[in-house]
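The values are calculated or read from the model by the stated rules, or taken from the named source; none is laboratory data. The shown structure was predicted, so the numbers you read here are calculated from the model rather than taken from an experiment. Neighbour counts are summed over all protein chains in view; Cβ atoms, including those assigned to glycine, are modelled from backbone coordinates with ideal geometry. The accessibility values were calculated without ligands, DNA or RNA, using every heavy atom of the protein model including side chains. Shrake-Rupley method; radii C 1.70, N 1.55, O 1.52, S 1.80 Å.
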Amino acid sequence: MTTAAPSIPASAAAPSSASASATAAPLTVPLYRLAHSRTGDKGNRSNISVIAWHTALWEVLTAQVTEAAVARQFALRRPSRVARYLLPNLHAMNFVIDDVLDGGVNDALNLDSHGKALSFLLLDLPVEVPAALVAHLAGPPG
């Protein structure tokens with residue numbers, strides 16, 4: 001003898017995804033889920049661009065990827081100065097970070113004297129993303 005599964009009243013059903021995302025907690029993810037990067041150098045100065053994967057993420061980037069946040073992320077490299085330049089029409093920003101290349105290409109003894117890998121250090125910066133914007137993140141969910 002089989003019995004039918006009880007029906008669930010509409011009022012007890014799970015909230016719609018739109019209302020659930022509006023009330024869901026923000027998600028903390030590495031910056032590479034929101035943006036990609038390019039790196040250059042000149043002397044002992046690194047130049048790192050951050051470009052949003054989606055225009056909807058621009059406000060989150062400008063609010064959280066600040067000069068202070070980048071200086072904290074590079075604290076072990078002891079930058080003397082971090083300057084941020086916003087490029088809103090491109091949904092991008094450029095950071096100029098002084099004194100992080102161990103003296104520059106000709107003076108550095110490290111394996112990455114040009115500082116190309118420094119973009120990976122920046123892209124590991126934790127960023128808090130509102131639940132409503134999670135669909136715009138790059139990479140695997142979760």
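Odds and ends about this structure:
- Taking label points 7 Å from Cα along the Cα-to-Cβ direction, Leu27 and Ala83 give a separation of 3.7 nm.
- Peptides 89-96, 32-39, 69-76 ordered by average Cβ neighbours within 10 Å, highest first: 32-39, 89-96, 69-76
- Glu59 contributes an accessible area of around 140 Å² to the protein surface, as traced by a 1.4 Å probe with all chains present.
- Efficiency of FRET between Leu76 and Ile51 - r from beta-carbon atoms, R0 22 angstrom, step 0.05: 0.35
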